[in-house]
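Coordinate-derived values only; no laboratory data. Remember, predicted model here, so these are calculated numbers, not experimental data. All Cβ positions, glycine included, derive from the backbone under ideal geometry; neighbour counts span all protein chains shown.
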Amino acid sequence: MKTKTLYVIARTHMDPSWRRGFTEHFWGNNVRGTVRPYSDIEEAQILEYMDFAEKYGVKYQIEQSITVKRFFERNPDQRSRFVSLMEKGLFELAGGGECVIDYNMSSGESWVRNHLYNINFYKSEFGYKAKYAIIPDAFGLPAQVPQVLRGFGYDALIVFDRVFPDNKPFWKGLDGTPIVLDPFINKPSDRLCADCFKLLPCKACH
């Protein structure tokens, strides 16, 4: 019987600026129950993937630096373990900015500032520079994005493939600057992207 190799790469995607609170629980008349803050979800996810990486060799990618900052504030005892997984290539930090950016709603200066916070934090903390930019859950992108991202030295852009339905391997900006694309979600039939589900809070304590 012929065997096949299965590659599992997990990516985090959090929206700290979306409706869910970053550090506080959220509840209201339009919500069924209490919604846990992103810091709780991120912490649980990172700790779980630390276990997966150590046990199964699953690679895990974190998209934005504010997630890492908050995790270290809450879990200073996990720092050496986190760094060890980075050094083994099992934890990868992507160039998603300090906090996930909506490129359609902010100025070019805010893009630059957001990425500089990310780059400088990773450099000072780990001596690390992300190779790939990531723009999750985008609904279209301005044509200057390749120029800005290549200016930061990113080699490629990880992005939802709904932004580029023609499946081209690269994108050229207005000034002709190209960046390699790594689209995800609707992959060919030999690649599967998992769906997601939301975990409800404890009914007793919320």
Simple label model, 7 Å out from Cα along Cβ direction - THR23 to ALA44, nm: 2.1
Where labels lie 7 Å past Cα in the beta-carbon direction, separation of MET86 and MET105 in nm: 2.9
Residues of type aspartates and glutamates that LYS168 reaches as a straight line, Cα spacing below 18 Å, ignoring anything fewer than 8 places off in the same chain: ASP155, ASP182
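About the Cα centre of region 52-156, what is the dipole size in debye to 20, counting +1 per Lys and Arg Cβ and -1 per Asp and Glu Cβ, all else neutral? Each step should come with its number before you reach the end.
Numbers: 13 positive and 12 negative charges, 59 e Å.
It works out to roughly 280 debye.
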Cα gyration tensor shape of region 1-153, rounded if a/c is under 1.5, else prolate or oblate by comparing a/b with b/c: rounded
